[in-house]
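Visitor: One structure follows; several queries about it will come next.
Every read-out reported here was derived from the displayed coordinates using simple, explicitly stated rules and does not represent laboratory data. Predicted, not measured: the structure shown is a model, and the values here were computed from it. Neighbour counts are summed over all protein chains in view; Cβ atoms, including those assigned to glycine, are modelled from backbone coordinates with ideal geometry.
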Amino acid sequence: MKPVFFIAINLNLLLQIKQIIFYFDDYNLFICIQKYTIMNKFQLLLLFIGFNLFAQKQVPNLNLANLEGKSISLQSDFAEKDKLYIFSFWATWCTPCISELDELNDLQEEWKKTINFEIVAVSTDDSRTQKRVKPLINGKGWEFNVLLDTNQDFKRAMSIVNIPYTIVVKNGLIVHIQNGYVPGNEKELFEKLKTL
């Protein structure tokens, strides 16, 4: 990791931030603030602006297998201009994940009348539970692409801790993130998709 840039701020009062160093690798932003006591509102605003500049991340350059074993590139196979891609991270043991995907499957035809989008279910099942993925999908009758993130490379690259976790991608950039699921979240997601 190399520092992208750093800002050194020396203040004359007790409010001191001697140094802020931003480290940025392919997937993460790290900030090191050295020797601070209290930040004033202006400094805090600058810090939040800095966070927002890095908030829109690109989809990582990874390949995942689909159910047929074909390698799918996250960057090139989901690159139709202005199309929204909904990546829903799930696992066979995650009841809220399955509930969310059931709802999305039921609503996707209605939504496609107004929005150009595609749902991609990203299974985070490991090698022990991966054998349950295909039977579950066939039993549910889900009609969307399913990718297998067996080593959890995509999940790790996105710094995902808990599932269900949904990201919306447009033109290679992540434009919306939804963490968790409760019934009714799909309506909020649809309203958000209409604004993107």
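Visitor: List the GluC sites (Glu not before Pro) within the range 98-177 that fall in a DSSP loop (any state other than H, G, I, E or B) and whose Cβ has at most 14 other Cβ atoms within 10 Å. Show your work: numbers first, answer last.
Guide: Numbers: sites: 100, 103, 109, 110, 118, 143; in loops: 143.
Sparse-neighbourhood loop GluC sites (Glu not before Pro): 143.
Visitor: Where Lys and Arg each count +1 and Asp and Glu each count -1, what net charge lies around residue 117 among other residues with Cβ under 14 Å from its Cβ? Display every interim value, and only then the final one.
Guide: Working: positive: 81, 83, 112, 113, 170, 192, 194; negative: 80, 82, 109, 110, 118, 143, 186, 191.
Charge balance in the 14 Å sphere: -1.
Visitor: Can you check what the net charge comes to around residue 98, using other residues whose Cβ is under 14 Å from the Cβ of residue 98 (Lys, Arg +1; Asp, Glu -1)?
Guide: Details: positive: 132, 140; negative: 100, 102, 103, 106, 125, 186.
Here the charged neighbours net out to -4.
Visitor: Separate question: How big is the dipole moment of the range 74-177 about its Cα centre under a simple scheme where the beta carbon of each Lys and Arg is +1, that of each Asp and Glu is -1, and everything else is neutral? Debye, nearest 20, please. Can you show the working numbers first?
Guide: Values: 12 positive and 15 negative charges, 53 e Å.
Taking the Cα centre of the range 74-177 as origin, the dipole is about 260 debye.
Visitor: Here's something else I'd like to know. Once fully extended, how much extra length lies between residue 115 and residue 187, figured as 0.36 nm per residue of separation less the alpha-carbon to alpha-carbon distance? Don't jump to the answer; show the numbers that get you there.
Guide: Details: separation 72, 0.36 × 72 = 25.92 nm, distance 1.37 nm.
That works out to 24.5 nm of additional length.
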